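Quick notes on the structure that follows.
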There are 2 protein chains.
Amino acid sequence: MSLKSKGSNAERALVKMFWGSGWAAMRAAGSGSTHFPSPDVLAANKIRRIAIESKATKDTRKYFPDEEIKQLRDFADYFGAEPWLAIKFDGIAWVFVNPEDLKKTKEANVFSVDDIPLRGLSFEELIQTTS
Amino acid sequence: MSLKSKGSNAERALVKMFWGSGWAAMRAAGSGSTHFPSPDVLAANKIRRIAIESKATKDTRKYFPDEEIKQLRDFADYFGAEPWLAIKFDGIAWVFVNPEDLKKTKEANVFSVDDIPLRGLSFEELIQTTS
């Protein structure tokens, strides 16, 4: 499976999880089609709105370039949404991370499997959190 | 140009209009990829959220099947957004219509060019309206 279709399948799984919990969610059209910032998935209920950058990886850590984080924050700020990262490590349930809780490297931001206990939220924790 | 790419271009034009007015907006991924309801475009600022079904037509009237309207309302209800239709008639600026203001036919709902003065909003009116 290509990286692109793997990413799309991960996004569809996220969308399904939100609908299954009484939220509405949708995937964004391919980001190549626009020069405006856009998250991968947008989810909301009557109270909260969540803009998500989602990644599936076979590695034990995931890097996010500064620009990717900036675009997520920009979109969330204009839209009135909370910015979140959703990471699917192989064999582990989805982890949700506040961009502020990434570790900063020189030109990127990283979250590793070891960070999950202290700084990762499960899906259930995410949708119960009030920001 | 295919009907599909014509629709995509219309959606991109809408997204650009919202960003140009200080709103955030995004296009949804192809609706064929999911069985969950999804609008064509979602736009929001810190106060309002708008779920849009958008259509471009060369005709002087546009029909919306009942099911399409129902899905738009369902999504908007779960998401906490206002449902709107955006119609681009040839040679006329975008018109925004509240689903309640469509005329009901047997199995569809119609809005014609003649309805614009009484029941259509311009883009500027839409983003100034408070629901």
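Please treat every number below as a calculation from the coordinates, not as lab data. Here the structure is a predicted model, which means the values were calculated and not measured. Neighbour counts are summed over all protein chains in view; Cβ atoms, including those assigned to glycine, are modelled from backbone coordinates with ideal geometry.
Neighbouring Cβ atoms from other chains, within 10 Å of the Cβ of residues in A:6-13, number 1 on average.
Based on Cα contacts under 8 Å between residues 6+ apart, region A:3-128 shows a relative contact order of 20 percent. Think of the protein assembly as shown as having a plus end and a minus end, set by charges on the Cβ of Lys, Arg, Asp and Glu; of A:L121, A:Y63, B:P117, A:Y63 sits farthest toward the positive end of this dipole.
If you bin all the Cα-Cα distances of chain B at 5 Å, starting from zero, the percentages per bin are 2, 10, 22, 25, 23, 14, 4, 0.
Rounded to the nearest 20 Debye, what is the dipole magnitude of the protein assembly as shown about its Cα centre when Lys and Arg each give +1 and Asp and Glu each give -1 at the C-beta? Before the final figure, lay out each step's value.
Details: 38 positive and 36 negative charges, 91 e Å.
In debye, rounded to 20, the protein assembly as shown gives about 440.
Shortest first, A:A93 label-point distances to identical copies amount to 5.1 nm, with the label point at 7 Å from Cα along Cα→Cβ. Listed by chain and number, the lysines placed with their C-alpha closer than 24 angstrom to that of A:K62 are A:K4, A:K6, A:K16, A:K70, A:K88, A:K103, A:K104, A:K106; residues fewer than eight positions away on the same chain are left out. Could you tell me the distance between the Cα centroids of region A:82-131 and region B:58-113, to the nearest Å? If we compute the Cα centre of each part, the gap is 39 Å. For B:E82, the residues whose amide H sits under 5 Å from its own are B:R49, B:I50, B:A51, ignoring neighbours fewer than 5 places away on the same chain, with H placed 1.01 Å from N. Taking the Cα centre of chain A as reference, the dipole from Cβ charges on Lys and Arg (+1) and Asp and Glu (-1) amounts to some 340 debye.
With K and R counted +1 and D and E -1, the other residues having a Cβ less than 11 Å from that of A:K88 yield a net charge of +2.
Nearest 500 deg cm²/dmol is fine: what mean residue ellipticity at 222 nm does chain B get from its DSSP H runs of n ≥ 4 alone, each adding -39,500 (n - 2.57), divided by its residue count?
Numbers: 4 runs with 42 residues, N = 131.
Value at 222 nm, helices only, nearest 500: -9500 deg cm²/dmol.
Can you pull out the GluC sites (Glu not before Pro) in region A:27-131 that DSSP calls coil and that have at most 16 other Cβ atoms within 10 Å? Walk me through the numbers before you get to the answer.
Details: sites: A:E53, A:E67, A:E68, A:E100, A:E107, A:E124, A:E125; in loops: A:E107.
Those that pass, being in a loop and sparsely packed, are A:E107.
With label points set 7 Å from Cα along Cα→Cβ, the inter-copy distances at A:G22 are 3.5 nm, sorted shortest first.
Shielding of peptide B:14-21 by partners, expressed as the average count of other chain Cβ atoms within 10 Å per residue Cβ, is 2. Counting partner chain Cβ atoms within 10 Å of every residue's Cβ in A:87-99, what's the average? Mean partner-chain Cβ count within 10 Å for A:87-99: 0.
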